[in-house]
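The values are calculated or read from the model by the stated rules, or taken from the named source; none is laboratory data. Note that the structure is a prediction, hence the values are computed from the model and not measured. Backbone-built Cβ (ideal geometry, glycine too); neighbour counts: all protein chains shown.
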Amino acid sequence: MWCIMAECAKKGRGNMQMRTVCGTISAAVAFAAAPCAASDDLGMGRNDEWRSVPVDRVRLNGPLGRRIALTATNNLMKIDLEKDFFGPFRNKTSKEGFIGLGKLLDGAAYLAKYTGLPEVIERKREIARALADTQDADGYIGYFAQESRMSKLWDLHEIGFILQGLVSDWELFGERQSLDAARKAADYVMRRWPDMPDGWEFDNITDRETTLGLAHGFIRLAAVTGEMKYLDFAKNERALMDWNAPIVLGRCGMLYGQAYGFLGTALEQLEIYGREANPKLLRTSFRALDHMTRNDGLLIDGTGGIAECWTDDQDGEGCVGETCQIAFQFLFYDRLLRLGQGDAALLGDLMERLAYNALPAAQSRNGRQLRYYTPLNGERKYFDRDAYCCPNNFRRAMGRLPGYVYYEKDGGIMANLFEASEAQLDVGATKVMVKCETDYPASGKIAYTLEPDAPAQFAFMFRLPKWCKAPKVEVNGKPVTYPCAPGEILSLPRVWKKGDGITIDFPMEIRCVKGRKRQSGRFAVMRGPLLYALDTRRIEGFEKTHPLDAAAVVMLDPAQLEFRAGSDGGRAGFCGTAIATRCANVDWARRIKPTDPEILLTEFADEEDTLTYFRTPDPDSPLLVDDELFGKTRRCH
């Protein structure tokens, strides 16, 4: 089905141009009215409900903040730019391949803006200068030989993210050189586009992956320049107003079912929806959200896919948990949330699941090494390069993470991720400093202090996580009764004054979460948003005693799990919590014995964990519960 739809889109490209020319006038008016210095990534589209908070107005002091700092100082600052990134752009002799320099600049710009560290800012400048210096007189920025430009994999993909990186540099730092380079590169693509050979986009791979990021780059460029030719190109030449693809499981003709290619194209439609509220632009986004949450498309760590593609079988081994998909899930959830589309509490729960599990698990303890895939079961391996897609999408995800903690609008503030933090927020004409003190997610105790520059009426809002059975909330020491339930947004409207405080207690119980599909009959262990796993090599004598693979052998008793705070020896370098128990580790075991070995389950971010799902003595035990985020009954939109 997908292959037929793709071929029809190819044949209809010229007709789509003619049909949509008259429909661009209203879009031009909408974009021209927007401030030229802020795109939807930082500003607010006319149909947005919430604004992002610029990353330099947020300071994260908890585990997420520590991971971001590691990414900036021990990853971005340690890579060999000349060898791994700049060289090919200077030589321009390639006929294929992907480097990811545009993604690197995009991530570096956000990391530099957030940290404010002079050395990180200078590294960002070095990357931006290299892109501008290697730009040809005709506007081309890339590393392909003349005869291979644009029509060969992955040149347009690279160009699209170069545009985005350059636009981010302009938005965050006001670098005119970067904006000028982006304009010239986009104009180059538009001039060459009519001469693209027939069938270029269908030789090996669907054109949505070939050009992933390109339309988004053009949309963002239109937003900051007010030049409608860039928006028209994205809408018409990439047929974004009509794109309505199905979810395709696995690979068809190579990558027709690629998950992050689908999410990236849906994201481009959402960017246009932010200015033009056409309901058909939401169809693919809701289809993706339904697949991920209601049709087993996501794994328990919050990510999914296999070999980069959509899946629904819950396979947790090998090439699952692609880091690119993690980055695009964040972008996708964030855009839906800002638009007020979808269940805001669910979107926050999904972002939280990723932020504390899948994302940090893709990084080594010291921050230097990164992963392409992070399996639930089996050995985890680090990627052997600093270049390519996943390492650079990881840097992009980390750089943007501070912008997902709080959202603001004229009538309210929303705390989305519960991280120890300080943020300067704008609520209409009132400036509000918000301070959050917590060790979350080690515990569920959170204290917010609000410091408005003058008393002001607004709503302070936050998620009641779906996993929490009995949240407790106080304002200025007085208990709050509320009508909403876990899995919903609690709004506290009042006149807030300097020093007002909100204290929250989300009691955290150990949850034994039933496996689905290929994980049926087994369970995973969670506490709050944290997923726990086991390094099977730490089981005494395990390598000598088990005759089968670990997933088929290791058994835990849900009734014997004991939470330990600060007892994992800092292996994960994250929150330092663990869960102690005993395990049976032979295939014929039917119960846990007092003589069985004691083990520690550490946080999923522990770089050495190898097993997430476990056998149980009683698959029908009432101690086993469904995953609260995934299932047929969960409302997605």
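Provide a single number: the residues in region 90-114 that are buried (at least 21 other Cβ atoms within 10 Å of the Cβ) and not acidic (Asp, Glu).
Summing the residues that are buried (at least 21 other Cβ atoms within 10 Å of the Cβ) and not acidic (Asp, Glu) in region 90-114 gives 15.
Here Ala266, Ala355 are screened, and the one residue that is of a type outside the set (Lys, Arg), farther than 20 Å from Asp48 by Cα and buried (at least 23 other Cβ atoms within 10 Å of the Cβ) is Ala355.
Determine, yes or no, whether Asp557 is surrounded by fewer than 18 Cβ atoms within 10 Å (Cβ to Cβ), at pLDDT 85 or above and not assigned by TED's automatic domain parsing to the domain that holds Ile300.
Here the answer is no, as Asp557 does not meet what is asked.
A search for C-beta distances below 7 Å between a residue of region 71-83 that is assigned by TED's automatic domain parsing to the domain that holds Arg385 and any residue that is among the β-branched types (Val, Ile, Thr) and at pLDDT 95 or above, counting only pairs 6+ apart in sequence or on different chains, returns Ala72/Thr115; Ala72/Val120; Leu76/Val120; Met77/Val120; Leu81/Ile127.
Please verify whether Met555 is farther than 19 Å from Leu417 by Cα and not hydroxyl-bearing (Ser, Thr, Tyr), treating the condition exactly as stated. For Met555, the condition - farther than 19 Å from Leu417 by Cα and not hydroxyl-bearing (Ser, Thr, Tyr) - is met. Per the listing Pro529, Pro471, the residue uniquely touching a Pro at 6+ places or on another chain (Cβ under 8 Å), in the same structural domain as Ile599 (by TED's automatic domain parsing) and either over 20 Å from Ile599 (Cβ atoms) or of a type in the set (Ser, Thr, Tyr) (or both) is Pro529. Being more than 27 Å from Phe328 (Cα to Cα) and at pLDDT below 95 holds for only one residue in Asp195, Asp133, Asp138, and it is Asp195.
Just one of the numbered conditions (1) closer than 15 Å to Asn393 by Cα; (2) touching a helix residue (DSSP H, G or I) at 6+ places or on another chain (Cβ under 7 Å) is not true of Asn377: (1). Given the criteria of a type in the set (Phe, Trp, Tyr) and either over 13 Å from the mean Cα position of the chain (by Cα) or surrounded by fewer than 22 Cβ atoms within 10 Å (Cβ to Cβ) (or both), does Tyr382 qualify? It is true that Tyr382 is of a type in the set (Phe, Trp, Tyr) and either over 13 Å from the mean Cα position of the chain (by Cα) or surrounded by fewer than 22 Cβ atoms within 10 Å (Cβ to Cβ) (or both). So which of Asp155, Asp169 ends up being crowded, with 24+ Cβ neighbours inside 10 Å, under 25 Å from the mean Cα position of the chain (by Cα) and more than 26 Å from Tyr404 (Cβ to Cβ)? Being crowded, with 24+ Cβ neighbours inside 10 Å, under 25 Å from the mean Cα position of the chain (by Cα) and more than 26 Å from Tyr404 (Cβ to Cβ) holds for just one of Asp155, Asp169, which is Asp155.
Of everything listed in (1) outside any loop (DSSP other than H, G, I, E, B); (2) buried (at least 24 other Cβ atoms within 10 Å of the Cβ), the single unmet condition for Pro441 is (1).
Just one of the listed residues (Leu117, Leu163, Leu111) is in the same structural domain as Asp198 (by TED's automatic domain parsing) and under 22 Å from Pro194 (Cβ atoms), and it is Leu163.
Sort out which residues of region 449-466 are assigned to a strand (DSSP E or B) and either under 15 Å from Gly412 (Cα atoms) or over 27 Å from the mean Cα position of the chain (by Cα) (or both), and write them in order of number.
Keep residues of region 449-466 that are assigned to a strand (DSSP E or B), which gives 449-452, 456-464.
The answer is Thr449, Leu450, Glu451, Pro452, Ala456, Gln457, Phe458, Ala459, Phe460, Met461, Phe462, Arg463.
Looking across region 75-112, just one residue is within 21 Å of the chain's Cα centre (by Cα) and polar (S, T, N, Q), and that is Asn75. Taken over region 58-72, the residue count meeting the criterion of being assigned to a helix (DSSP H, G or I) and surrounded by fewer than 17 Cβ atoms within 10 Å (Cβ to Cβ) is 1. For region 467-482, filtered to residues that are outside any strand (DSSP E or B) and more than 28 Å from the chain's Cα centre (by Cα), the residue that is surrounded by the most Cβ atoms within 10 Å (Cβ to Cβ) is Val480.
Pairing residues of region 583-607 that are without any contact (Cβ under 8 Å) to a residue 24 or more places away in the chain with residues that are surrounded by 10 or more Cβ atoms within 10 Å (Cβ to Cβ) and polar (S, T, N, Q), at Cβ distances under 8 Å and at least 6 apart in sequence or on separate chains, gives Asp596/Asn585; Glu598/Thr581.
Quick check: anything in region 132-151 in a helix (DSSP H, G or I) and surrounded by 24 or more Cβ atoms within 10 Å (Cβ to Cβ)?
No, the conditions are met nowhere in region 132-151.
In the set Glu322, Glu271, Glu308, only one residue is buried (at least 22 other Cβ atoms within 10 Å of the Cβ) and touching a His at 6+ places or on another chain (Cβ under 7 Å); that residue is Glu271. Restricted to region 609-626, and to residues that are out of contact with any Gly (no Cβ under 9 Å at 6 or more places or on another chain) and in a loop (DSSP other than H, G, I, E, B), which residue is surrounded by the most Cβ atoms within 10 Å (Cβ to Cβ)? Step by step, filter region 609-626, then rank; the result is Asp609. Restricted to region 179-194, and to residues that are under 17 Å from Gln164 (Cβ atoms) and hydrophobic (A, V, I, L, M, F, W, C), which residue is surrounded by the most Cβ atoms within 10 Å (Cβ to Cβ)? Per the stated criteria, the residue is Ala182. Screening Lys431 with (1) over 22 Å from Pro455 (Cβ atoms); (2) of a type in the set (Lys, Arg); (3) surrounded by fewer than 22 Cβ atoms within 10 Å (Cβ to Cβ) gives one miss only, at (1). Being touching a strand residue (DSSP E or B) at 6+ places or on another chain (Cβ under 6 Å), of a type in the set (Asp, Glu) and in contact (Cβ under 8 Å) with a residue 12 or more places away in the chain, is that true of even one residue in region 315-324? Yes, region 315-324 contains at least one residue that is touching a strand residue (DSSP E or B) at 6+ places or on another chain (Cβ under 6 Å), of a type in the set (Asp, Glu) and in contact (Cβ under 8 Å) with a residue 12 or more places away in the chain.
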